[in-house]
Amino acid sequence: MAPPLININDIRLTFGGNDLFSDVSFAIGERDRLCLVGRNGGGKSTLLKIIAGEIEADGGERFVQPGCKVAYLNQEPKFDGYDTVEDFVLSALDEHEQEYAYRSDMLLASVNIDPKADPKSLSGGEGRRAAIARALIADPKVLLLDEPTNHLDLPTIEWLEGEIKNFRGAVVVISHDRAFLNAVSNGVLWLDRGVMHQGAINFAKFEEWSEEIYRKEAEERAKLDKLIAQETVWSVQGISARRKRNQGRLRRLYDMREQRSKQVDRIGNVSLAAEAGETSGKVVIEATDIAKSFGDRQIIADFSTRILRGDKVGIIGPNGAGKTTLLKMLTGQLEPDSGTIKIGTNLNPSYFDQKRIALDDDKTLWDTLCDVGGDQVMVRGNPRHVVSYLRDFLFDEKQARSPVGALSGGERNRLLLAKLLAKPTNLLIMDEPTNDLDMDTLDLLQEMLDDYEGTLLLVSHDRDFLDRVVTSSIVMEGDGTAVEYAGGYSDYITQRKLSRAEPVKEDKSAAKQTKKSTGTSSTPAKPKSSSKLSYKDQREYDNLPGAMAKLEAEIKTLEDALSDSALFTKDPTGFQKKVDRLDAARSELEASEERWLELEMLREELGLG
């Protein structure tokens, strides 16, 4: 077996008087594809910098095999001091590595970046692609990548997956993108509460593996708690009975208590919830044959969609395809060149911007949430103390008066979510909300969006998140077309493959025989599609108007009865029954209206409207 390229032994780092992590040990082998995972703020990026030799640990040893080239991709690439992107990429080469300079043009062409471009003018995605080219240019033995997929579009992420799979050396990557980690990893480094766990598994098995570790920890804590209880009882009884303590046994009790006090239970989760606020109209957005161009470039042409209340729509496509333009048109911020867009009634939108322009770096977290002063923040209509609300998003009390500019990328996203979710909204517009979030926060955000009763428009390059959240996907290929598919990213890929599948080749001899016998063209007849509703659907469609009319009449009767102010005093039980029935009747009417609308749309598609 070949010796490891890098050995990390008993690494320790202290921050603010406390250990960020301690006794961290692991090895990086020649073909390892390790994903480094853990909570935001737990020290992942700091540990990656120690592996890269960017910073020194407070204790322990880092050993790198002689001649082993290590390349490091920073989470926030710095372009100061470089006139061109080419200069930035070539700066990764030492004097004896100039033989690799020819790779610059090739790598920049692979990521579609002009070598002569000013690096300070690059967008977030372009800057990330240039930084990846810089990390790859010297053909390193170890590649360290901190959030490489942030701001990348799906084609570039898939290109990077291919590069990592074909890479001859070792890779350690920090990423929140589950699909990416599933595609490239063969090992997991889990930094949890300052302790390192290592598993020789693909990331797809991480959740099962980590839950098993948590289960064993819980069992150990339970055993220790039981021992402490037994020894405490003995200490009291022993004093009463013999008046003489067994000092050795007491020391054991104190040692166990100290050991238990050092054990950290699982860190709490972010508390996420969104209130849908006032109910919007059934049709939230209806676009008909919309088109938009900028100069000679067609962004979108002849696109139509109908977004109903409660829909969760993903917008997918490469950078520059026009996702933001479409989003602005659908939400009324930008007029189409042609076609019509109708915006529904009673909409109360909230916007999550990937650039976080709603955050002011000079403001404190306290002032960001309490923008009208005081120490209370209104959370969906209820007052909460700002520190208590910040704790829901895993912020420490000491951070409340810290400036926003001191936060990490993941912490900024959590703060923006805290600000956004405090307000009732029935239309959430989220542009790349998953950047920099840790896995646990992503899971909770997904659960919150699952339970959210309003309408969601989501722009994301995170394939796994799209699969978990959206009910339909609008896909922009970058050629001016936009096509809507049912389901998430994986569903879109499946449906696209089916739509592009080659037709079955016809038997020419059979076709000739058919032509002779019928005297018609050999072109096979298209199979007939169903041109009417099924018996069950047609009957339901016919009966729904009558059922809705009865529900409306019942609701009117109940509302009239409940308007009698004396009813509660005269018959409290009857009053409560009427209230309960009114709620149920309203829900039944809403469900019936939704179903009728679905059937009406199906009739339109079949040409029966």
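Below, the figures for the structure above:
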read-out: Pairwise FRET efficiency - Glu212 versus Leu606, Cβ, R0 = 51 Å, nearest 0.05; value: 0.50
read-out: Total charge dipole magnitude, the stretch 303-364, about the Cα centre, Cβ charges on Lys, Arg, Asp, Glu only, Debye to nearest 20; value: 300 debye
read-out: Label-point separation, Ala2 to Ser123 (7 Å along Cα→Cβ), nm; value: 3.9 nm
read-out: Estimated inter-spin distance, Asp353 and Ile493, nm [label 7 Å along Cα→Cβ]; value: 3.3 nm
read-out: Computed label-point distance, nm, for sites Ser293 and Gln538 using a 7 Å Cα→Cβ extension; value: 4.6 nm
read-out: In Hz, Karplus ³J(HN,Hα) per residue of the stretch 44-52 (6.51, -1.76, 1.60; θ = phi - 60°; x = Gly, Pro); value: 4, 5, 5, 5, 5, 5, 5, 4, 6
read-out: Rounded, prolate or oblate (a/c below 1.5 giving rounded, otherwise prolate when a/b exceeds b/c) for the stretch 283-498 by Cα gyration tensor; value: prolate
read-out: Cα-centred dipole magnitude for the stretch 535-605, charges only on beta-carbon of K, R (+1) and D, E (-1), debye, nearest 20; value: 440 debye
read-out: Mean Cβ count within 10 Å, highest first, over the residues of peptides 183-193, 401-411; value: 183-193, 401-411
read-out: Charged-residue dipole, Cβ positions (Lys, Arg, Asp, Glu), the stretch 6-208 about Cα centre, Debye nearest 20; value: 500 debye
read-out: Fully extended contour minus Cα-Cα distance, from Asp87 to Arg31, at 0.36 nm per residue; value: 17.1 nm
read-out: Per-pair calculated FRET efficiency, R0 = 45 Å: Ala591 and Ser304 via Cβ, rounded to 0.05; value: 0.95
read-out: Karplus-derived 3J(HN,Hα), 6.51/-1.76/1.60, for each residue of the stretch 78-94, Hz, glycine and proline x; value: 10, 10, 4, x, 10, 7, 9, 4, 4, 4, 4, 5, 5, 5, 6, 8, 7
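Read the figures in this text as sums done on the coordinates, not as results from a lab. If you're wondering where the values come from, they're calculated on a predicted model, not measured in any experiment. Note that each Cβ is placed from the backbone with ideal geometry, even for glycine, and that neighbours are counted across all protein chains shown.
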